[in-house]
Amino acid sequence: MQDSWYELTLEVPAEQVDLVSCLLTEAGAAGVITADRPLDTFVPPDPDQPETGPQTLRAYFPGQALSALQHNLEQTFAQAASWLPMERVHLLGWRTIGAQDWAEGWKQHFQPFTVGPLLIRPTWDPTPPNPEQVLLRIDPGMAFGTGSHATTRLCLEAVVAAATAGGIRSVLDVGTGSGILAIAAALLGAERVVGCDIDPDACRVAVENAELNKVGARMTVVDTPLEQIAGRFDLVLANILAEENIRLANELTGHLADHGSLVLSGILQERIGAVREAFDRRFSRPPEIRLQDEWACLTYRR
Ligand SMILES: C[S@@+](CC[C@H](N)C(=O)[O-])C[C@H]1O[C@@H](n2cnc3c(N)ncnc32)[C@H](O)[C@@H]1O
């Protein structure tokens with residue numbers, strides 16, 4: 001493996017990101033990333049709403065003589081100048097980094113955090129829990145669910161509240177992703193937890209995380225659709241988009257036990273009304289609403 005790499009940071013107009021990335025690859029970059037993208041992206045980018053404004057790119061070149069690399073890049077950019085306006089492409093700086101830093105760089109954005117008694121920590125972080133804390137270790141891999149996203153945090157708060165109220169013997173986590181919510185429920189005392197996800201990769205990651213947290217014996221992960229999952233549960237969690245929550249309203253409420261709680265997340269605040277229109281009539285009380293950033297999480301109790 002290459003021991004060291006050069007990282008070049010550039011500022012590039014949004015509409016030139018693809019072309020400049022291509023040029024960087026032509027000049028020898030082994031990888032190019034757009035910096036400062038959030039870890040968990042809930043809403044897929046809308047192709048009709050492209051990014052605007054300057055974007056920060058980072059390009060990674062295998063270690064060699066820096067002067068030769070810079071010369072090569074200058075020539076590539078000079079040749080492109082006849083068809084690509086380069087005046088708004090700014091080279092911000094070079095630095096040398098270790099191979100590990102490049103491959104694992106994103107991990108620095110995933111820091112330990114607490115929700116109630118839970119200490120949620122990436123697998124590679126050594127932070128020890130206090131004696132009264134419950135440690136939840138997570139490696140999200142390619143699945144959504146580091147806990148950094150507001151929708152996950154709001155759900156974690158709802159899980160802690162339900163566990164504190166004493167009502168989570170059985171739990172169904174719809175759209176389990178990394179398994180973070182299902183594992184939290186198991187660590188807080190749930191005896192039977194089912195996580196489901198339509199993405200088989202997420203299911204694999206969730207199983208690995210369940211084993212990592214030693215709750216695999218109480219947690220099942222399936223990639224079958226919700227309607228094929230049997231049983232009713234004390235706590236049903238669904239951190240999926242508002243439209244998906246509404247589409248699954250019958251199934252989500254149908255899986256709820258008497259006196260159970262239904263936690264709906266992934267809801268942009270402007271969509272609260274639409275979700276309440278689909279769910280309020282199924283419950284005798286209005287939902288408890290948690291808000292963070294532009295997101296809302298609704299908890300209904302039977
Ligand atoms: C935003 S992530 C939530 C992950 C995790 N539960 C959390 O709170 O961080 C949503 C997940 O739901 C899955 N998903 C979307 N629609 C689904 C559906 N109808 N049934 C099951 N999973 C679904 C996606 O594949 C994705 O992994």
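Nothing in this text is a laboratory measurement; each read-out follows from the coordinates by a stated rule. Given the structure is predicted, the values throughout are model-derived calculations rather than measurements. Note that we place each Cβ from the backbone using ideal geometry, even for glycine, and neighbour counts take in every protein chain shown.
Most exposed first by the Cβ proxy, i.e. fewest other Cβ within 10 Å, how do SER178, SER148 rank?
Lowest to highest Cβ neighbour count: SER148, SER178.
Would you mind ranking TYR60, TYR6 by Cβ crowding within 10 Å, fewest neighbours first?
By the 10 Å Cβ count, ascending, the order reads TYR6, TYR60.
Would you mind checking which residues have amide H under 5 Å from ILE267's amide H? H placed 1.01 Å from N; only 5 or more apart, or other chain.
Counting only residues 5 or more places away or on other chains, the set is ALA296.
FRET efficiency for ILE229 and ARG95, Cβ-Cβ distance as r, R0 = 51 Å, nearest 0.05?
0.55
Which one of ALA163, THR151, VAL134 has its Cα pushed farthest toward the positive end of the charge dipole of the chain, where Lys and Arg give +1 and Asp and Glu give -1 at the Cβ?
Farthest along the dipole direction, towards plus: ALA163.
Please list 289-299, 74-84, 258-268 highest first by mean number of surrounding beta-carbon atoms within 10 Å per residue.
Values: 289-299: 18.0, 74-84: 12.2, 258-268: 22.6.
Highest mean packing first, the order is 258-268, 289-299, 74-84.
Output wanted: per-residue J couplings in Hz (rounded whole) for the stretch 258-272, from phi through Karplus 6.51 cos²θ - 1.76 cosθ + 1.60, θ = phi - 60°, x for Gly and Pro.
In residue order, the calculated couplings are 4, 6, x, 10, 10, 10, 10, 10, x, 10, 5, 4, 5, 9, 4 Hz.
How do ARG204, ARG95 line up, fewest other C-beta atoms within 10 Å first? Numbers along the way, then the final one.
Numbers: ARG204 16, ARG95 11.
Ascending Cβ contact count within 10 Å gives the list ARG95, ARG204.
Helix 66-80: angle to the longest alpha-carbon principal axis of the chain, degrees 0 to 90, nearest 10?
90
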